[in-house]
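> I have a structure I would like to understand better, so I am pasting it below and will then ask my questions one at a time.
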Amino acid sequence: MRFSEEQVKDIVALKESLMDQIDKHHESIGMLEKNILVLDLFLKGSSFTKASQLEVKESEVKIQSIEKPVEKSIFVKNSIPIKRINDGKIIANAFVTPDQVSIVLDNEVEINADTPPFKSFFLDRIIGEMKKKDFAEAENGKIQKESVINYIINKNGVNIREIIIRNYRQKERVNELINTAGWSLTRMLENINK
């Protein structure tokens, strides 16, 4: 059976539409998986009990200190893999502490800081909007000026090696920063390969 030229165009358009939908669903699945990872990390963090919060009887402390020295608790950084949206390859890892989010690019990934949409989307739109809100809160006296979100880009030559975001202050922001960093880095790699 032969198709007319218009029918072929419709079929091609349908195919492209389906491929776009598949890409969007892959992107959504990737975002959902990252959300689950972040939630898992926060759940683990919330079950952590500091020694200062425990009520211990004086006699128990003496017995414990005689038998073995009390170990100090150390906060361990949580690592979250950031994957390329189209194929799931790990392109960076995010390390979350109470003070900052560090996004460390994989050694094999070389991305110039000037590659779009890094500055226009990730720095200006995502972090920039958070910064505006923080400045407004600082103006109103809700937070200290030192608590306003900020970032540092560590480079090797012109290539990004690490993005450090300090004073994120809100757990919800961690999720947004990691997800949008993954999206931005994926788009940057696509732009380099064009």
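> Do you know which of the residues in region 82-113 that are assigned to a strand (DSSP E or B) and either loosely packed, with under 14 Cβ neighbours inside 10 Å or free of Cβ contacts under 8 Å to residues at least 24 places away in the same chain (or both) is farthest from the chain's Cα centre (by Cα)?
90
> Looking at residue 164, is it part of a strand (DSSP E or B) and modelled with pLDDT of 90 or more? Can you show your working first?
Values: part of a strand (DSSP E or B): yes; modelled with pLDDT of 90 or more: yes.
In short, yes.
> Before we move on, is residue 137 open to solvent by 60 Å² or more (accessible area, probe 1.4 Å) and either of a type in the set (Phe, Trp, Tyr) or not in a strand (DSSP E or B) (or both)?
Numbers: open to solvent by 60 Å² or more (accessible area, probe 1.4 Å): no; either of a type in the set (Phe, Trp, Tyr) or not in a strand (DSSP E or B) (or both): yes.
For residue 137, the condition - open to solvent by 60 Å² or more (accessible area, probe 1.4 Å) and either of a type in the set (Phe, Trp, Tyr) or not in a strand (DSSP E or B) (or both) - is not met.
Per-residue answers, yes or no, for (1) in contact (Cβ under 8 Å) with a residue 40 or more places away in the chain; (2) within 20 Å of residue 90 (Cβ to Cβ); (3) in a helix (DSSP H, G or I):
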position: 125; (1), (2), (3): no, no, yes
position: 131; (1), (2), (3): no, no, yes
position: 152; (1), (2), (3): no, no, no
position: 180; (1), (2), (3): yes, yes, yes
position: 183; (1), (2), (3): yes, yes, yes
position: 187; (1), (2), (3): yes, yes, yes
position: 191; (1), (2), (3): yes, yes, yes
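Here is a yes/no grid of residues against (1) farther than 25 Å from residue 24 by Cβ; (2) among the β-branched types (Val, Ile, Thr):
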site: 80; (1), (2): no, yes
site: 90; (1), (2): no, yes
site: 102; (1), (2): yes, no
site: 126; (1), (2): no, yes
site: 129; (1), (2): no, no
site: 133; (1), (2): yes, no
site: 156; (1), (2): yes, no
site: 161; (1), (2): yes, no
site: 173; (1), (2): no, no
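> Another question, then. Note down all Cβ pairs under 8 Å where the first residue falls in region 1-30 and is hydrophobic (A, V, I, L, M, F, W, C), the second is modelled with pLDDT of 80 or more, and they're at least six residues apart or on different chains.
3/11
The values are calculated or read from the model by the stated rules, or taken from the named source; none is laboratory data. None of the values given here were measured: they were computed from a predicted structure. Counting neighbours? That spans all protein chains shown, and the Cβs are built from the backbone with ideal geometry, glycine included. Side chains included, ligands, DNA and RNA excluded: accessible areas come from the protein's heavy atoms. Shrake-Rupley method; radii C 1.70, N 1.55, O 1.52, S 1.80 Å.
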